[in-house]
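*Asks:* Here you go, one structure.
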Amino acid sequence: MIEQDLKNFQKITQKSLPTFEGLAQGHRACQGCGEVLALRQVMKALGPDTIAVSATGCMEIITSSFPQSAWNIPWLHVAFENVAAVASGVEAGLKAQMRKGSLPEKKIFIVATAGDGGTADIGLQALSGALERGHNFVYVCLDNEAYMNTGIQRSSATPYGASTTTSPSGKHSIGQNTWKKDMPAIAVAHRIPYVATANPAYHVDLMNKVQKAKLINGPAYLHIYSSCPTGWRHEIDKAVEISRMAVESRVFPLYEVIDGRYVLNRNVKKPISVADYFKPQRRFRHLRPDDIAHIQARVDADWEALQQKVALTNPASPEPEAVSNKKEE
Amino acid sequence: MSTSSAIIGWKNLTLGCAILEPGSSRKLKTGEWRSQHPVLDKEKCIKCAICYIDCPDIAYSQNEEGYFIADMTYCKGCGICANECPKDAITMKMEEE
Amino acid sequence: MAKRVGMEVSLGVSEAVKVADVDVIAAYPITPQTHIVEHLAELVANGELDAEFIPVESEHSAMSSCVGSSATGARTYTASSSQGLALMHEILYIVPALRLPVVMTVANRALSGPINIWNDHSDIMSERDIGWVQTFAENGQEAFDLSIHAFRVAEDHSVLLPVIVNLDGFTLTHVVEPFEILDRAEVAKYLPPYKPVQRLDPEHPMTMGAVGIPEVYTEAKKQMEDALVRSKSVVIQAWKEFGDLFGRYYHPVETYKTEGAETLLLTMGSVSETAMTAIDKMREAGKKVGLVRFRLWRPFRFEQFVEAVKGIKNPAVMDRAMSPGGPCGPVAAEVRAALYDQPNRPKVFSFVAGLGGRDVQVSDFEEIVSRAEIYAEKGAPATYDLIGVREI
Ligand SMILES: Cc1ncc(C[n+]2csc(CCOP(=O)(O)OP(=O)(O)O)c2C)c(N)n1
Ligand code: SF4
Ligand code: SF4
Ligand code: SF4
Ligand SMILES: [Mg+2]
């Protein structure tokens, strides 16, 4: 099935970057915004035969201030928590009209984009419904790890220890005191054909994942790391560098889950430390060494768990038993 | 049409406030936000397009010679391109008063 | 060919949606709307209706999917009730703002709390200002006919607004009535295929749902309201054409035995049939009473209404919803407002009855009329009367 869907897949390389831009200049994102950079790369790979639907959030605000739009492709915004449902309707509307002959038969890709808040919190139900129903669309979560549009409030995707305006660090607070929700795992649990994480510092990988996501029939979920200089309080020239450090520190691993099979796209053999990753981001500035050690341990464990998923879901890999037999208290 | 063209009587408003002109944000010259700008050293440049693909403001385009040149109409001066250029071919210069 | 059938009204509504040849249905079940969407799912499943049925996970998503679907130019339908309608609330305002002709049936039901699945109008009265055209059906035939009419009005290029057809939960949705079902060919003469003016199309990319900055928000609202006000004439014309084609004529405001009436009952929805029985009875007893019922609730048809109540001394409005802490029931408030500027305006008496499925009987209307007569002479209480409420 998936092989069939991908038979027209043409790999993008650094030498064959798509020239198409779904987004236009003149958008109002902050200087050095990593989220709009990710969005731009996603739209490049989707191409012109795409309808985009966006949730309320930074990307919606900065691209659509009447009477000017930064969208070169058809685009619809309705509300904050419903982007997956709106995309479901777009898909059904096109499908019915093409089947009934009121629209010419043509491949049109549908993409729904939302922030981490619009995905992991308020939009989770609509997303779950749309994934479960199997609509043919691409869902893109642009994860800048907080509600940036409304002023840097915490979300369930905010990492442990980050200071936000509703999880401020203080005498009695470490900042965010919960662990980041594992959204890709939630998407995988819907048994959809394609789930992947991506990061604009690895733009070729990102765009190829977008291509796969659009070509594969059925729902695809992309979880994209999106740095935010304003909310993370890092220098405005560092969006890509920090994005790269997130992967190199194993904080944000790059992987795909194709029909339930985990593929690690970047095996980080010699990771940089979490401390180094945190350093340029002032949202972590208040953390003490033992806090960071605690987080480092969690990152290590998560990486190990991911390796196990890869091993377990790839029958060809040696000794898949070895990992599951471990019995520890 | 500038941003002030939101001053429209309701009878002339598009149906449902739709924006019919794609990419009309190009009318907003975000280059005005800039306090520094990238300067390219062609000697060092290997035309790899990293600066092009890493610019959040879609400022870069390739000229006939194959160099990537940032459009100062839109460049917000973030410095990502300079930070990412593998050959250090870009330096950020403060805007003159 | 039209055929006469005996059918549950809910199924009749589904049949109307079928012959309207909708493209997309997105719906979530809630009593007493369930039979409508179940039957539609069945019609799609067995190939009688070529449409996409999206079994969404909530009403919020139902209306959101309707927006997406309609924005592609698909003829789009949903149905809901009570808590479901309330859950849609946020999105309901956005549909007319985007000028999308979605059609929805609302099987009117009380709002929690306490939770109550039975009929009144508190669900729809909370949605008065959403900017949709809203009609009220009184019987099965009307529910069928108004459903077809809804698409015709919604998709008219001078309207392009969503339409709600209200029908009373259980007392109308769940009763079996004889009515005439039109077939697809007949309906096609009345309802041409939907031709969107604007839609999401990669060939002509446009931006829908942009941020409405302060410079434009007022104008955006005005544009939408203007279309709603102007929809009156389309609503009326579409009813006239319907009558000319199918022999059943409808009007925004209907009157019953109003000639020489001194006390006038005003109602909406299926209680109007009971009200007519009550009027007959009271007329026989020599009382000068009549009935006015509203079929078109939004846009409110002031001119026709004012005409209908001309010379009436005691209009008595029966609301099926409360407006807690307010001066009167929601419909009574509109009626008062409509009559305020009239020379020799009458007093308008407000009664609330039939909440949460409480039966409204002929005797309740008799009670309302006699109280109105007394109030006309001796003065009315400052607020409304809750008919049938037990004091001890
Ligand atoms: C129902 C509703 N609740 C709250 C809001 C306010 N709101 C708008 S955007 C936003 C946060 C967006 O955060 P996220 O989805 O992470 O996107 P970001 O702005 O960070 O890109 C909030 C809370 C809203 N518009 N609608
Ligand atoms: S607040 Fe952050 S995510 Fe939003 S536009 Fe600014 S930099 Fe981008
Ligand atoms: S990144 Fe540097 S080397 Fe590469 S094209 Fe741009 S300026 Fe030239
Ligand atoms: S400074 Fe920033 S906005 Fe300007 S060209 Fe470089 S990356 Fe683009
Ligand atoms: Mg966010």
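The values are calculated or read from the model by the stated rules, or taken from the named source; none is laboratory data. Because the structure is a prediction, the values reported are computed rather than measured. Every residue, glycine among them, receives a Cβ derived from its backbone with ideal geometry; neighbour counts consider all protein chains shown. To get the accessible areas, we keep the full protein, side chains included, count just its heavy atoms, and leave off ligands, DNA and RNA. Shrake-Rupley method; radii C 1.70, N 1.55, O 1.52, S 1.80 Å.
*Asks:* Once you average over the residues of C:217-224, how many Cβ atoms of partner chains fall within 10 Å of each Cβ?
*Replies:* Values: counts 3, 1, 9, 7, 2, 4, 9, 5.
Mean inter-chain Cβ contacts per residue within 10 Å come to 5.
*Asks:* Here's something else I'd like to know. So what's the back-of-envelope 222 nm ellipticity for chain B, counting only DSSP H runs of four-plus at -39500 (n - 2.57) apiece and dividing by all residues, rounded to 500? Before the final figure, lay out each step's value.
*Replies:* Details: 2 runs with 10 residues, N = 97.
So the calculated ellipticity at 222 nm is -2000 deg cm²/dmol.
*Asks:* With a point put 7 Å past each Cα toward its Cβ, work out how far C:K222 is from B:K47 in nm, to one decimal.
*Replies:* Going by the 7 Å Cα→Cβ label model, 5.6 nm.
*Asks:* How large a share of the accessible area of chain C, in percent, is made up of carbon and sulfur atoms when the probe is 1.4 Å and the other protein chains stay in place? Present the calculation step by step, with values, prior to reporting the outcome.
*Replies:* On the way: 7760 of 14560 Å².
Heavy-atom surface of chain C belonging to carbon and sulfur, 1.4 Å probe: 53 percent.
*Asks:* Now for a different question. Averaged across A:227-240, how many Cβ atoms of other chains sit within 10 Å of each residue's Cβ atom?
*Replies:* Working: counts 0, 0, 3, 0, 0, 0, 0, 0, 4, 8, 10, 5, 7, 9.
If you average over the peptide's residues, the count of other-chain Cβ atoms is 3.
*Asks:* Could you please put C:W118, C:W297 in sequence from largest to smallest accessible area, using a 1.4 Å probe?
*Replies:* Numbers: C:W118 125, C:W297 0 Å².
Largest to smallest exposure gives the sequence C:W118, C:W297.
*Asks:* Between A:P219, A:P18, A:P315, find the one with the highest GNM mean-square fluctuation for chain A; connect C-alpha pairs within less than 10 Å.
*Replies:* Among A:P219, A:P18, A:P315, the largest GNM mean-square fluctuation belongs to A:P315.
*Asks:* In a shell of Cβ-Cβ distance under 14 Å around C:E138, excluding C:E138 itself, what net charge do Lys and Arg (+1) and Asp and Glu (-1) give? Don't skip to the answer; put the middle values down first.
*Replies:* On the way: positive: C:R248, C:R293, C:R295, C:R320; negative: C:E142, C:D145, C:D168, C:E177, C:E254, C:E273.
It works out to a net charge of -2.
*Asks:* Once C and A are treated as a pair rather than alone, how much accessible area drops out, both sides summed, in Å² to 100, probe 1.4 Å? Walk me through the intermediate numbers first.
*Replies:* Numbers: alone 16730 and 15870 Å², together 29510 Å².
Roughly 3100 Å².
*Asks:* Pick from C:V17, C:V56, C:V216 the residue whose mean-square fluctuation is largest in a GNM of chain C, springs joining Cα atoms under 10 Å.
*Replies:* Maximum among the listed residues: C:V216.
*Asks:* Could you give the nm distance between label points at A:A189 and C:H204, where each point is 7 Å from its Cα heading toward the beta carbon?
*Replies:* 4.4
*Asks:* Mind giving me the FRET efficiency for A:N217 and A:T150? R0 is 35 Å, r the Cβ-Cβ distance, nearest 0.05 is fine. List each step's numbers first, then the result.
*Replies:* Numbers: r = 36 Å, r/R0 = 1.03.
That gives a FRET efficiency of 0.45.
*Asks:* Full-extension gain between C:E42 and C:R283, please, as 0.36 nm times their residue separation minus the C-alpha to C-alpha distance.
*Replies:* Numbers: separation 241, 0.36 × 241 = 86.76 nm, distance 4.66 nm.
That works out to 82.1 nm of additional length.
*Asks:* Further, regarding this structure: Under a no-solvent Debye model with one identical scatterer per Cα of segment A:131-220, what's log10 I(q)/I(0) at q = 0.12, 0.13, 0.22, 0.25 Å⁻¹?
*Replies:* -0.49, -0.56, -1.03, -1.14
*Asks:* Would you work out the relative contact order for segment B:1-94, in percent, from Cα pairs under 8 angstrom that are 6 or more residues apart? Let's see the in-between values first.
*Replies:* Numbers: 127 pairs, mean separation 31.6, N = 94.
Over segment B:1-94, the number comes to 34 percent.
*Asks:* Report, to two decimal places, the Cα Rg of segment A:1-137 normalised by 2.2 N^0.38 Å (N = number of residues).
*Replies:* Numbers: Rg = 15.7 Å, N = 137, 2.2 N^0.38 = 14.3 Å.
For segment A:1-137, the normalised Cα radius of gyration is 1.10.
*Asks:* Moving on. For the pair C:E241/A:S102, report the inter-label distance in nm, with labels modelled 7 Å from Cα in the Cβ direction.
*Replies:* It is 1.6 nm.
*Asks:* Express the accessible area of the protein assembly as shown per residue in Å², computed with a 1.4 Å probe while the remaining protein chains stay in the model. Please report the intermediate quantities before stating the final value.
*Replies:* Values: 32430 Å² over 818 residues.
The answer is 40 Å² per residue.
*Asks:* Can you bin every Cα-Cα distance in segment A:133-174 into 5 Å intervals starting at zero and give me the percent of pairs per bin, rounded to whole numbers?
*Replies:* 6, 21, 24, 15, 10, 9, 7, 5, 2, 1
*Asks:* Near C:K222, which lysines are there with a Cα under 19 Å away, not counting those fewer than 8 places off in the same chain?
*Replies:* By straight Cα distance, C:K222 reaches B:K11, C:K232.
*Asks:* If you consider only alpha-carbon coordinates, what radius of gyration and Dmax does the protein assembly as shown have, in Å?
*Replies:* Using the Cα atoms of the protein assembly as shown, the pair Rg, Dmax is 30.6, 106 Å.
*Asks:* Compute the projected area of the convex hull of the Cα atoms of chain A, averaged over all viewing directions, and report it in nm² to one decimal place. List each step's numbers first, then the result.
*Replies:* Values: hull surface 73.1 nm².
Spelled out: convex hull of the Cα atoms, projected over all directions, averaged, 18.3 nm².
*Asks:* Expected output is a single nm value to one decimal: the length gained when fully extending between A:K7 and A:S128, i.e. 0.36 nm times separation in residues minus the C-alpha distance. What is it? Mind dumping the intermediate values first?
*Replies:* Details: separation 121, 0.36 × 121 = 43.56 nm, distance 2.83 nm.
Working it through step by step, the gained length comes to 40.7 nm.
*Asks:* Using only atoms on other chains, find how many Cβ atoms lie within 10 Å of each Cβ of peptide B:56-67 and report the average. Spell out each step's value before the answer.
*Replies:* Details: counts 20, 11, 11, 1, 0, 1, 1, 0, 0, 0, 0, 0.
Partner Cβ neighbours, averaged per residue: 4.
*Asks:* Which lysines have a Cα lying under 16 Å from the Cα of A:K212, excluding residues fewer than 8 positions away in the same chain?
*Replies:* Straight-line reach from A:K212, under 16 Å: A:K7, A:K11, A:K44, A:K107.
*Asks:* Another question about this same structure. For segment A:1-64, which trypsin sites (Lys or Arg not before Pro) are both in a DSSP coil and crowded by at most 10 other Cβ atoms within 10 Å? Intermediate results must be reported in sequence, preceding the final value.
*Replies:* Working: sites: A:K7, A:K11, A:K15, A:R28, A:R40, A:K44; in loops: A:K11, A:R28.
Counting only loop positions with at most 10 other Cβ atoms within 10 Å, the trypsin sites (Lys or Arg not before Pro) in segment A:1-64 are A:K11.
*Asks:* Taking Rh as the Kirkwood radius, which is the inverse of the mean 1/r over Cα pairs, what is the Rg/Rh value for segment B:7-50? Display every interim value, and only then the final one.
*Replies:* Working: Rg = 19.3 Å, Rh = 15.1 Å.
Answer for segment B:7-50: 1.28.
*Asks:* Just to confirm the filter: which GluC sites (Glu not before Pro) across segment A:65-123 are DSSP coil and have at most 12 other Cβ within 10 angstrom of their Cβ?
*Replies:* Filter output for segment A:65-123: A:E105.
*Asks:* Quick one: compute a quarter of the convex hull surface over the Cα atoms of segment C:3-246 and quote it in nm².
*Replies:* 13.2
*Asks:* Okay, next question. Which FRET efficiency value, to the nearest 0.05, do you get for C:L386 and C:V229 by plugging their Cβ-Cβ distance into 1/(1 + (r/R0)^6) with R0 = 30 Å? Don't skip to the end; give the middle numbers.
*Replies:* Working: r = 33 Å, r/R0 = 1.11.
Plugging the Cβ-Cβ distance into 1/(1 + (r/R0)^6) gives 0.35.
*Asks:* A follow-up question, please. Can you find, among A:V78, A:S102, A:A38, the residue farthest towards the positive end of the dipole of segment A:1-108? Put +1 on the C-beta of Lys and Arg, -1 on that of Asp and Glu.
*Replies:* Final value for the positive-end residue is A:S102.
*Asks:* Going 7 Å from the Cα of C:Y93 along its beta-carbon direction, which residues of segment C:157-174 have the amide nitrogen within less than 17 Å of the resulting point?
*Replies:* Counting backbone N atoms under 17 Å from the label point, the list is C:162.
*Asks:* Please work out the FRET efficiency for the pair A:T19 and C:A337, using the Cβ-Cβ distance as r and a Förster radius of 56 Å; give the result to the nearest 0.05. Provide the component values of the computation, followed by the final result.
*Replies:* Working: r = 60 Å, r/R0 = 1.07.
Once rounded, the FRET efficiency stands at 0.40.
*Asks:* With only alpha-carbon atoms counted, please give the Rg and Dmax of segment C:253-386, in Å.
*Replies:* Reported Rg and Dmax, both Å: 13.4, 38.
*Asks:* Follow-up. If you bin every alpha carbon distance in segment B:29-94 into 5 Å steps from zero, what whole percent lands in each bin?
*Replies:* The percentages, shortest bin first, are 4, 21, 33, 26, 13, 3.
*Asks:* Out of B:L20, B:L28, B:L40, any idea which swings most in a Gaussian network model of chain B, alpha carbons joined below 10 Å?
*Replies:* Most flexible of the set in this elastic network: B:L20.
*Asks:* Show me the trypsin sites (Lys or Arg not before Pro) within segment A:89-169 that DSSP assigns to loop and that have at most 14 other Cβ atoms within 10 Å of their Cβ. Working shown, then result.
*Replies:* Details: sites: A:K95, A:R99, A:K100, A:K106, A:K107, A:R133, A:R154; in loops: A:K106, A:K107, A:R154.
Here the sparse-neighbourhood loop sites are A:K106, A:K107.
*Asks:* Moving to a separate point now. How high is the relative contact order of chain A, given as a whole-number percent (alpha carbon pairs under 8 Å, six or more residues apart)? Walk me through the numbers on the way to the answer.
*Replies:* Numbers: 631 pairs, mean separation 54.0, N = 329.
In percent, rounded to a whole number, it is 16.
*Asks:* How high is the relative contact order of chain C, in percent, counting Cα pairs under 8 Å that sit 6 or more residues apart? Show your work: numbers first, answer last.
*Replies:* Details: 797 pairs, mean separation 63.2, N = 392.
The value is 16 percent.
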